[in-house]
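In what follows, a structure is listed as structure tokens, so that the remarks can point back to it.
The values are calculated or read from the model by the stated rules, or taken from the named source; none is laboratory data. It should be emphasised that the depicted structure is a prediction, and the values quoted were computed from it without experimental measurement. So basically every Cβ, Gly included, is an ideal-geometry build from the backbone, and we count neighbours across all protein chains shown. Keep in mind that these areas ignore ligands, DNA and RNA; they rest on the heavy atoms of the full protein, side chains included. Shrake-Rupley method; radii C 1.70, N 1.55, O 1.52, S 1.80 Å.
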Amino acid sequence: MPPISGLLETALYVADMARAADFFREVLGLRPMLAGERLTAFNAGGSGVLLLFLAGASTEDMPGAGGVVPGHDGSGPVHMAFAIPAGSEDAWRAHLAAHDVALRSEVAWPRGGRSLYFEDPDGHVLELATPGLWPNY
């Protein structure tokens, strides 16, 4: 079987691009690599890319110079997690509180990892997770 190197992109669909992009830039410190009305792409660390799509704006196939990107969309609150260093939970709690972002939950995992859960402005459930959550992390 051909190998898979890892996950590259995660997509969230948002109602207000400016509001969502501001949240991920200001609250989580992600830096945009591409910004527009329909799509904003953030460097999410390592080789990971977070794509924000304006909900409903990418349902049609999108032809480009290199080929066609199939149409896609999503709805409802989805979940994604960001990797954070072990021991940084207190700093993240304080940082989120300073931005008026309420924690929804905290979990201590059997392998030793810890997770902080909160929501973005579109109601997506975001997680900050330390190593120890999964056998490969």
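Structure above, values below:
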read-out	value
Cβ-based net charge around residue 58, under 14 Å, with every Lys or Arg adding one and every Asp or Glu removing one	-4
Surrounding net charge for residue 79, when Lys and Arg each add one and Asp and Glu each subtract one, Cβ distance under 15 Å	-3
In degrees, nearest ten, helix 17-26 long axis to first principal axis of the chain (Cα)	40
Per residue, in Å², the accessible surface of the chain once ligands and nucleic acids are set aside, probe 1.4 Å	59
Residue-level accessible surface for residue 134, protein heavy atoms, 1.4 Å, Å²	150
Nearest-20 debye value, the chain charge dipole, Cβ charges on Lys, Arg, Asp, Glu	420
Residues residue 25 and residue 86, FRET efficiency given R0 of 30 Å [Cβ-Cβ distance, rounded to 0.05]	0.75
Tilt relative to the chain, helix 89-98 - C-alpha long axis, 0 to 90 degrees, to 10	60
Estimated 222 nm signal from helices in the chain, with DSSP H stretches of n ≥ 4 weighted -39500 (n - 2.57), rounded to 500	-4500 deg cm²/dmol
Simple spin-label estimate for residue 105 and residue 72 in nanometres, 7 Å along Cα-Cβ	2.6
Order of exposure, largest accessible area first, which applies to 80, 33, 1, 62 with probe 1.4 Å	1, 33, 62, 80
Residues residue 7 and residue 38, FRET efficiency given R0 of 25 Å [Cβ-Cβ distance, rounded to 0.05]	0.65
Portion, in percent, of the accessible area of segment 61-137 that falls on carbon or sulfur, probe 1.4 Å	58
Top positive-direction residue, dipole computed over segment 1-121 with Cβ charges, set 8, 72, 41	8
Separation of alpha-carbon centers, segment 1-37 and segment 114-137, rounded to whole Å	15
